[in-house]
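Heads up, the thing below is written out as structure tokens.
All of the numbers you see were taken from the coordinates with simple rules; none came from a lab. Not measured: the values here are computed from a predicted model. When we count neighbours, we look across all protein chains shown, and the Cβ atoms used for this are built from the backbone with ideal geometry, even at glycine.
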Amino acid sequence: MRTFHHQHIKASRKRRQCDWCGEAIEIGQSYESYRWARPGDSGTVRQHPECILAMQQMAEREDWEFDWSPGDFKRGSIDER
Ligand SMILES: [Zn+2]
């Protein structure tokens, strides 16, 4: 069972890397952050708003049974690079 704590951040205070596309989330840009957990594993993911939509699309298609690394996909897209 996974749990999510999803948050919309209006303006990033630090320069971050998007966990979907691998591109930068610049200071002052908005991003989406969520925590996830499953037995023995948990983490925080930060993504561009358009990238979290892409991830949700992928999750529905793959029934959450997929792994990815930052930069595997194009920004805001489920197309692999
Ligand atoms: Zn991104």
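The table for this structure:
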read-out: DSSP loop GluC sites (Glu not before Pro) with at most 16 other Cβ within 10 Å: longest gap in the chain; value: 27-64
read-out: Over the chain, volume per residue of the alpha carbon convex hull, in Å³; value: 86 Å³
read-out: Under-5 Å amide H pairs with Glu23, H placed in peptide plane, nonlocal only; value: Cys18
read-out: Full-stretch length increase - Ser30, Thr44 - with 0.36 nm per residue and alpha-carbon distance subtracted; value: 3.4 nm
read-out: R0 of 22 Å, Cβ-Cβ distance Arg13-Arg75: FRET efficiency to nearest 0.05; value: 0.55
